[in-house]
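K.L.:
There's a structure below that I have some questions on.
No lab work stands behind these numbers, since they all come straight from the coordinates. Quantities reported herein were computed from a predicted structural model and do not represent experimental measurements. Note that we place each Cβ from the backbone using ideal geometry, even for glycine, and neighbour counts take in every protein chain shown.
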Amino acid sequence: MNSPCPAISVIVPVYNVEKYLRRCIESILNQKFTDFELLLIDDGSTDSSGDLCDEYARKDQRIIVFHTENRGVSHARQIGISQARGIYSIHVDADDWIEQDMLSEMYHTIQTDNADMLIVDFYLNFSDKQQLICQKPASLVPHAIIADILKGNLMGSLCNKLIRHTAYKEFNISFSIGINYCEDFLVVTEILLKTKKISYLPKPFYHYNQNNTSITNTLEKRTFEQRFLFIHKIESLLSSYPKLKKKINYAKLDIVYCMLFKSHNLYTKKECSDIYPESRKSIFSSRYTLGTRCILFALLYKWDGLFNILIKIQKSRHVKNVK
């Protein structure tokens, strides 16, 4: 019989995911580890997602369902954080799924290491392949982990991190309502700034479904507006940490890159070059190819002639590769 206070709270924000929700919930209920509660937060779904949540809650007493008006994923996650009773908590997105031994192995490790946060590897799942993504930090020093996330070397998600749940109340950490892009990275950053003991388990348990309709992958004006809000918030969080604040240029460069190459001409070249000119400081230590770095360099330094030449070269290479 489970203890009155469960060992782990699993928090799942739900919004119009009827296609994936059963797979997600079943993967959680099929865990070898049983001392958990499952919080399903229905964020005003207009499909059958809310009904599915209620259906599962009637079958399993470990499931608690919250129905709210649609206010975004940050609001849904915050409800989960506020209502969770577990000693530790972890988030699972409703279109993803987890391995059967995830909770048991993560709980055993975080207890053994007496850590505040445990990081594990994960899988990226595409329609035709699965890719293992290693999340081994270069250092287990919290500030170094934040720097690695900003540089794109580690993922800032809460989905591959088991966290001592009292950290939220102890350090007054909550989600920024209205910011629904990298909202979990903002929380991870706050926790890393306040906690001390971080641990890493080199095993993948989480399957991160590459769903092209999510806000992360849907590049519209609203998507970029969310990214701008994220940058403003992360700069505020790191204002007292000059060395870390400089690393934000990597995140800014990623936005410039997406505006230029992935926005389908939503933004002009001038808008791309004007948005974060300071990000040029990180170009040649970024993770992009040399060709892409040169294009970004020419863009941000407004060397129009060189920029136009490099873009033509890139397009011609793309055409050759297609042929």
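K.L.:
For region 61-154, which GluC sites (Glu not before Pro) are both in a DSSP coil and crowded by at most 14 other Cβ atoms within 10 Å?
P.N.:
E69
K.L.:
Moving to a separate point now. Residue by residue, what Karplus-based ³J(HN,Hα) values in Hz, rounded to whole numbers, does region 155-169 have, using 6.51, -1.76 and 1.60 with θ = phi - 60° and x for Gly and Pro?
P.N.:
Calculated HN-Hα couplings, in order: 8, x, 5, 7, 6, 10, 9, 8, 10, 4, 5, 5, 4, 4, 6 Hz.
K.L.:
Suppose the chain between K169 and S285 were pulled fully straight at 0.36 nm per residue; how much longer would it get relative to their current alpha carbon spacing?
P.N.:
Length gained between K169 and S285: 38.0 nm.
K.L.:
Springs between alpha-carbon atoms under 10 Å, Gaussian network over the chain: tell me which of E55, E235, E37 tops the mean-square fluctuations.
P.N.:
Maximum among the listed residues: E55.
K.L.:
Given labels modelled 7 Å from the Cα in the Cβ direction, how far is it in nm from K270 to S239?
P.N.:
The modelled label-to-label distance comes out at 3.2 nm.
K.L.:
What pairs from K245/K302; K221/K246; K19/K315; K161/K302 go past 29 Å between their alpha carbons?
P.N.:
Beyond 29 Å between Cα atoms: K19/K315; K161/K302.
K.L.:
Using Cα positions and a limit of under 18 Å, work out the lysines in reach of K243, with same-chain residues fewer than 8 apart set aside.
P.N.:
Filter leaves K151, K194, K233, K252, K281.
K.L.:
Net charge around L266, counting only other residues with Cβ within less than 14 Å of its Cβ (Lys, Arg = +1; Asp, Glu = -1)?
P.N.:
On the way: positive: K221, R222, R227, K262, K269, K270; negative: E220, E225, E271.
Computed value for this residue: +3.
K.L.:
Oh, and also: In whole percent, what relative contact order does the chain give with Cα contacts below 8 Å and a gap of six or more residues?
P.N.:
Relative CO of the chain lands at 16 percent.
K.L.:
Can you work out the Karplus-derived ³J(HN,Hα) for every residue in region 132-143? Use 6.51 cos²θ - 1.76 cosθ + 1.60 with θ = phi - 60°, whole Hz, and x for glycine or proline.
P.N.:
7, 10, 6, 10, 5, x, 5, 8, 8, 6, x, 5
K.L.:
Under Stokes-Einstein, with the Kirkwood radius over Cα pairs standing in for Rh, what whole-number D in µm²/s applies to region 8-209 at 20 °C and 1.002 mPa s?
P.N.:
127
K.L.:
Rounded to whole Å and ordered largest first, report the semi-axes of the equivalent ellipsoid of region 221-322 derived from its Cα gyration tensor (root of 5λ).
P.N.:
26, 15, 12
K.L.:
Which residue fluctuates the most in the chain, going by a Gaussian network model with Cα springs under 10 Å, if the choices are Q210, Q83, Q61?
P.N.:
The residue that fluctuates most here is Q61.
K.L.:
Still on this model: Karplus couplings for region 186-194 from phi (6.51 cos²θ - 1.76 cosθ + 1.60, θ = phi - 60°), rounded to Hz, Gly and Pro as x?
P.N.:
4, 5, 4, 4, 4, 5, 5, 6, 9
K.L.:
For a quick check of your reading of the filter: which trypsin sites (Lys or Arg not before Pro) in region 99-164 sit in a DSSP loop and have no more than 11 other Cβ atoms within 10 Å?
P.N.:
Listed in order of number, the matching sites are K129.
K.L.:
Cut-off 18 Å, label point 7 angstrom out along Cα-to-Cβ of R222: give me the residues of region 72-107 whose amide nitrogen falls inside.
P.N.:
It comes to 72-77, nothing else.
K.L.:
To the nearest 10 degrees, how steep is helix 290-300 against the longest Cα principal axis of the chain, on a 0 to 90 scale?
P.N.:
With rounding to tens, the tilt is 70 degrees.
K.L.:
Of all DSSP beta bridges in region 1-156, what percent run antiparallel (nearest 5)?
P.N.:
Counting DSSP beta bridges with both partners in region 1-156, the antiparallel share is about 20 percent.
K.L.:
Long-range amide H contacts for G178: which residues qualify at under 5 Å (H placed 1.01 Å from N, peptide plane, sequence gap of 5 or more or a different chain)?
P.N.:
When sequence neighbours closer than 5 places are left aside, the close amide H contacts are S74, H75.
K.L.:
For the Cα atoms of the chain, what angle does the longest principal axis make with the long axis of helix 49-59, in degrees from 0 to 90, nearest 10?
P.N.:
30
K.L.:
Also, I was wondering about something else. What's the angle, to the nearest 10 degrees (0 to 90), between helix 102-113's Cα axis and the longest principal axis of the chain?
P.N.:
90
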